[in-house]
Structures are given as C-alpha cells and as structure tokens.
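Structure record follows, encoded as structure tokens.
Just so it is clear, none of the values below were taken in a lab; they were calculated from the coordinates. These numbers were taken from a predicted model, which means no experiment stands behind them. Note: ideal-geometry Cβ built from the backbone for every residue, glycine included; neighbour counts use all protein chains shown.
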Amino acid sequence: MSLALVFAAGGLAAIGTYLVTARSLSRIVLGFSLLGHSAVLALLAAGGPAGEAPIADRSEPDTLANPLPQALSLTAIVISFGLTLFLLALARRQHQLSGDDLVEDDLEDRRIAASKPTTQSHAATEEAA
Amino acid sequence: MTAVVALLVAGPLVASAAGLACRARSRLRDTITIGSLTAVTALAAWLLIAVERDGTIAVRVGGWDPELGIVLVADLFAALILVVAMATILVVEIYAIGQRRTAWGADPQLAGPLLLVLTAGIALAILTGDLFTLFVAFELILVSSYVLLTHQGRRGQIRSGMTYVTMNLFASTLFLIGVAVVYAATGTVNLALLAERIPELPSELQWGIGLWFLVVFGTKAAIFPLFSWLPDSYPTAPTTITAVFAGLLTKIGVYALIRFNTLTGMEDLGPVILTAAGITMLVGVAGALAQDDVKRILSFHIVSQIGYMLMGLGLFSVAGVAGAVLFLIHQIPIKTVLFLVGGLIEEHEGTSALDRIGGLSARQPLLAALFAIPALSLAGLPPFSGFVAKLALVEAGIAELAMPIVVVSLAASILTLLSMAKIWLGLFWGTKPDDAPRIVTPTGDTRSGLGRRLTVGATATAVAGTVAIALFAGPLWDLSERAATDLLDPVAYTNEVLG
C-alpha cells in the first residue's frame with residue numbers, strides 16, 4: 001500500500017518536473033498541479049499505514065490513521081489551489097499582452113551577453129520591450 | 001510576553017484585512033499600515049529586551065503538545081533579526097507613502113495591505129518552531145511577493161514574474177516533499193524534537209536531509225547555482241517593493257538555513273556550504289560588474305553578499321555564526337537603503353541606466369552622500385557597519401584556518417568596491433550625456449512638497465540606522481555572540497520548547 005503511494009508520488013513528481021521546464025505557462029500550471037499532488041502523496045505515505053477515519057470518540061485510537069499528515073496535506077492543498085489560480089491569472093495576462101503564454105527571455109541579459117553596452121543597444125532594447 | 005509573540009504574527013494580518021476593507025480611503029488606509037508597522041516594531045523591540053533579560057520564550061499556540069501543535073519560539077537570534085526586519089519595513093512604508101504623493105509608486109490601494117501580509121509572513125518565519133509552519137510562512141511571504149511584483153501588470157513585470165513564481169513555487173514543492181521525508185524519518189516536524197532526533201539518524205539520511213534543505217532554502221536565499229531568478233525579477237518591480245525584497249526575502253532564506261543547520265547539527269555540511277559561499281560571492285560580484293543599470297547592479301550584489309552569511313554558517317564555530325548574525329543585521333538595512341537611494345535617483349533622473357546619468361554629485365549633493373555611506377559600507381570599508389561585520393567573518397575564518405574562503409571573501413570585497421566605484425563614476429561624476437532623453441515624471445514636479453520630504457527623510461533615517469549599527473557594533477557583537485552560542489548549543493532552545 002505504502003509502496004504504491006511512494007511510486008505514485010515519484011511518478012507524479014517526474015512528470016510534473018518535466019512539465020514545469022516547458023516554456024508555455026499553461027504546461028507549467030499543469031506541472032505544478034501534479035507536483036502538488038506528489039507532495040501530498042508523499043506526506044500521506046510519511047504518515048504510516050492507513051486506518052479508520054481519525055474522528056474523536058468514534059473510532060478506536062489504535063486503529064486510526066495518523067491525522068497529523070492529513071492536516072498538513074489539507075493546508076498544502078489549499079495553498080497549491082490558490083497558487084494555481086494565481087498562475088492562471090498570470091498566464092491570462094501574458095496572453096493579453098503578447099498573444100501567447102510563453103515565458104520570454106530576459107532582454108537586458110541577452111543584450112549584455114551579446115554586445116558591449118552602447119546607447120544604440122539601449123534604444124533597441126526599449127523598442128523590443 | 002505570550003501575547004506579544006502571537007501579536008507579532010496576527011497583528012499585521014488583522015491590520016491588512018482592515019486596510020483592504022477601507023482601501024479606497026487612502027488616508028485611513030495609510031494610517032492603519034503605518035500604525036500597525038510602528039506597533040510591531042515596538043513589540044519586536046520589547047521582545048528583544050525581554051529575551052535578552054530572561055532568555056528564550058516559547059509559546060504553544062492553542063496549548064497543544066509541541067509534538068502535535070504549533071510552537072512559536074523567540075530566542076536571541078530571532079528577536080534580533082525581528083527588530084531589524086520590522087524597523088526596515090516601517091521605513092520603506094514611509095518612503096512608499098511619500099512616493100505615492102509623487103505618483104511614482106505601486107498601485108496604492110493594494111500595496112500597503114499586501115506589505116502587511118508580507119510582514120506577518122516574515123514574523124512567522126522568524127518565530128516559528130516547526131518545519132511545516134516555516135513552509136506556511138514562506139508561502140505567506142511568497143504569495144504576497146508574487147502579487148506585489150506583478151499586480152501592476154506591466155509586460156516586463158509579468159515576464160520576470162513568471163520566472164520568479166515558477167522558481168519559487170518549485171522550491172516550495174521541494175520544501176513540502178522534504179517535510180514529508182523528515183516526518184517519515186523522525187515522526188515529527190517540531191524543530192526542537194528534530195534537534196534531538198536528526199543527529200540519531202543514519203549519516204546517509206542526515207546528508208540527504210541536509211542537502212535537500214540546502215537546495216530548498218538556498219533557492220530562497222539565492223545562493224549559487226540557484227540565484228538566476230533574482231537579478232532577473234527584482235529590478236522590474238517598483239522601488240519600494242524591490243527594496244523590501246532585497247532587504248528581507250533572501251535574508252529569510254539565510255535565516256532558515258542558519259536555524260535549521262545549527263539546530264540539527266549539520267556540521268558535516270560545512271565544506272559544501274563554504275564552497276557554495278565562495279562561488280556565490282564571486283559569481284554575484286562578477287555579474288554586478290557586467291551590468292550597467294543601477295538596480296541590476298544592486299540585484300547582483302544581493303547574491304554576492306549572501307555568500308558572506310553562508311561563510312559564517314559554513315564555519316560552524318561560535319565566531320563564524322556570530323559573524324553571520326551580525327552580517328545579517330547589517331545587510332538587511334544596507335540593501336534596502338541602497339535600493340531606496342536608487343529609487344530616488346530614478347525618480348529624479350527618469351532612468352537608472354548608468355550611461356544616461358552623470359554629474360549628479362554637483363546637482364544633488366544630498367543624494368550623493370546618501371548613496372556613498374551605504375555603498376562604502378557594502379564594500380566593507382571602515383568605519384561603516386559592513387567593515388565590522390566582514391572583519392568578524394574574516395577573523396572567524398582565520399581562526400578556523402579556512403584560508404581559501406577568507407581569500408575569496410576579501411577578493412569579492414575589493415570587486416564590490418570596484419563595482420560601487422563604477423556606479424559612482426556613472427552617476428555622480430562626469431557630465432550628463434547630451435543625447436540622454438529627459439523622461440518626464442507622471443506628475444511633473446517630484447522635487448518639492450511633502451512627498452519628497454517623506455522619501456528623502458525615510459532614506460536618510462535608514463542611512464542613519466546603518467551608521468548606528470557601526471557605532472553600536474560592540475554591544476551588537478556581544479549579542480550576536482550570545483545568539484551564536486545558543487544556536488550552536490540548542491539545549492536552551494529545546495528545553496524551553498519541550499520542557
């Protein structure tokens with residue numbers, strides 16, 4: 001049981017990491033969703049074997065699932081939900097501004113890497129921006 | 001005292017909600033922001049006095065057992081950094097309010113309340129006694145910083161915001177997985193219990209956990225090779241926001257590194273940390289030398305200076321960690337004030353590109369003085385605070401016979417001076433290029449009125465604060481040394497939390 005959880009967490013982390021390295025922000029959002037699930041599964045797996053629902057006065061204490069990782073997971077899920085929405089808002093804004101949701105290069109960086117700084121290149125940078 | 005510790009976290013959050021509720025009424029909103037920031041600064045100072053006199057204070061939130069519940073712990077290290085951080089945020093907010101009167105600032109409706117959320121997150125990250133709450137505190141800091149960075153929606157901000165959010169979100173996910181690993185290995189996330197249980201783990205597992213959290217906190221702290229998001233994103237934000245980020249965000253990462261590694265006794269990681277420290281110093285300063293925009297130069301210096309704090313930690317001696325603590329105290333206001341001066345220059349000249357500004361020292365002698373003091377301090381010249389902090393670190397390095405890192409740190413200092421000289425030559429000496437376009441500021445006149453007095457006044461106060469750090473270096477060093485002794489021998493910490 002626990003081993004299956006660990007493999008699921010690892011697989012999700014691998015796919016999530018692959019998606020996060022993409023240029024398109026919508027893929028990055030998907031990647032972070034998977035990574036978030038992976039982290040939650042890891043937390044659950046860390047809590048030990050499964051058991052009955054941990055509700056006070058209703059189940060036997062020694063057959064309970066460990067409630068602490070569940071509480072931690074719940075917090076993590078709420079945070080990752082909010083951040084997914086924020087990333088989607090960013091993607092939408094980028095789409096409004098440039099017509100797609102790709103992460104662009106740092107122009108200043110490219111300018112400094114490419115040439116000695118001159119006034120012309122400053123002007124060129126600003127035109128591009 | 002219990003209430004004070006809790007108020008430091010809860011107070012800014014409540015004030016933030018109040019500020020949001022009346023966001024359209026600027027005077028009331030600004031009063032709430034300034035009032036609450038003044039209050040938390042005073043509370044932090046009170047806490048420092050209490051901790052200095054009576055020792056570490058631990059608060060069990062909701063009265064739960066520390067193994068299950070949240071603990072807030074104020075030791076000397078936490079109280080010291082808290083005072084400096086809160087005072088720095090207060091100064092920046094005064095600057096921001098002045099700046100809004102000249103219509104140069106961020107969207108005034110959201111910036112104040114968001115800054116308060118950031119403040120609460122910083123207080124929580126400093127005071128927290130368990131790893132998961134530290135994760136939540138980081139999220140609180142980062143979420144407010146994401147919004148502060150991008151909420152104006154300009155193209156450059158969205159572009160760099162995407163990199164910033166992706167990088168930090170990835171580190172946060174790694175943090176969460178790391179928490180799961182630690183919980184699986186030890187059965188707790190409480191730092192005091194971890195201080196007892198992690199040293200008993202097999203050494204491979206200790207190395208794994210240590211390196212994992214070095215990557216997690218190292219990304220937040222922008223150490224080599226995890227720093228590339230920082231110089232890309234910070235310069236695009238409005239001045240006040242960059243100033244807060246520069247002064248505090250990376251430093252909270254360093255704070256977490258120092259807290260975690262000293263509590264869990266990761267001395268074996270010392271050489272790894274020292275190597276990262278040396279490369280971070282050199283790469284950061286080399287990056288700064290290649291740039292020709294004030295904000296970007298200063299952003300690379302953030303990275304470079306992180307190396308010095310890591311150096312103190314990597315030595316794992318009382319003198320080394322005390323040096324890192326003192327460096328942290330010096331660095332938070334210095335970085336903030338340099339960005340504030342950069343903002344004043346940008347406001348005055350309409351740009352922060354070196355080759356478009358010249359001869360400022362004749363036109364604006366006050367600006368020149370306000371820049372010169374923190375710049376020389378950053379480079380580590382006597383008699384400023386940077387000299388005291390760097391001297392402490394170099395002495396600690398020599399005492400531990402860690403010569404390579406001492407040589408690297410001195411070389412990086414000289415290069416920092418060179419980079420500051422480059423800014424000085426570009427901005428303050430020479431003449432303004434004839435073809436430099438005069439960019440008209442949004443409201444026209446930015447040079448007079450209350451707004452100008454507030455921005456310059458806030459900057460001057462912060463500069464005076466950095467000079468005060470140099471003047472009171474003796475007592476501050478004693479405090480840092482006591483804090484470092486407590487950090488390296490966490491018995492007092494664990495006794496207070498678990499006892």
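Here the label points at residue B:431 and residue A:64, each 7 Å from Cα along the C-beta direction, are separated by 8.1 nm in the simple model. For region B:47-124 versus region B:174-204, the inter-centroid distance based on Cα atoms is 27 Å. FRET efficiency for the pair residue B:52 and residue B:215, taken as 1/(1 + (r/R0)^6) with r the Cβ-Cβ distance and R0 = 41 Å, rounds to 0.75. As a size descriptor, the averaged projected area of the C-alpha convex hull of chain B was calculated at 21.1 nm².
The order of B:164, B:95, going from fewest to most other C-beta atoms within 10 Å of their C-beta, is B:164, B:95.
What is the helix-to-structure angle for B:473-488, meaning the angle in degrees between its Cα long axis and the longest Cα principal axis of chain B, kept from 0 to 90 and rounded to the nearest 10? Approximately 40 degrees, to the nearest 10. The angle between the Cα long axis of helix B:365-379 and the longest principal axis of the Cα atoms of chain B comes to about 30 degrees, rounded to the nearest 10. Between residue A:5 and residue B:109, the simple spin-label model (points 7 angstrom out along Cα→Cβ) gives 4.5 nm. Cβ-Cβ distance of residue B:381 and residue A:105, R₀ of 41 Å, FRET efficiency by 1/(1 + (r/R0)^6): the value works out to about 0.65.
Pairs of Lys residues in the protein assembly as shown are counted when their Cα atoms are under 15 angstrom apart and they lie 8 or more places apart or on different chains; the count is 4. Post the alpha-carbon centroid distance, region A:55-92 to region B:364-397, in whole angstrom. Comparing the Cα centres of region A:55-92 and region B:364-397, I get a distance of 47 Å.
In plain terms, the residue of B:301, B:330 with the fewest other Cβ atoms within 10 Å comes first and the most crowded comes last, giving B:301, B:330. Expressed as an acute angle from 0 to 90° and rounded to the nearest 10, what is the orientation of the C-alpha long axis of helix B:108-127 relative to the principal long axis of chain B? Roughly 30 degrees, rounded to the nearest 10.
Computing FRET efficiency as 1/(1 + (r/R0)^6) for residue A:96 and residue B:65, where r is the C-beta to C-beta distance and R0 is 45 Å, gives about 0.35. Within 10 Å of the Cβ of each residue in A:85-94, the mean number of Cβ atoms contributed by other protein chains is 4. For the protein assembly as shown, the Cβ-based charge dipole about the Cα centre amounts to some 2120 debye (Lys, Arg positive; Asp, Glu negative; other atoms uncharged).
Taking amide H as placed 1.01 Å from N in the peptide plane, residue B:130 has its amide H under 5 Å from the amide H of B:71, B:191, each at least 5 places away in sequence or on another chain.
Mean per-residue shielding of peptide B:133-143 is 2, counting Cβ atoms of other chains within 10 Å of each Cβ. Placing +1 on the Cβ of every Lys and Arg and -1 on the Cβ of every Asp and Glu, with nothing else charged, gives chain B a dipole about its Cα centre of roughly 1960 debye. Here the Karplus curve 6.51 cos²θ - 1.76 cosθ + 1.60, taken at θ = phi - 60°, turns the phi angles of region A:75-91 into couplings of 4, 5, 5, 4, 4, 5, 4, x, 6, 4, 4, 5, 4, 4, 4, 4, 4 Hz, with x standing for Gly and Pro. When B:336, B:239, B:41 are sorted by how many other C-beta atoms sit within 10 angstrom of their C-beta, beginning with the fewest, the order is B:41, B:239, B:336.
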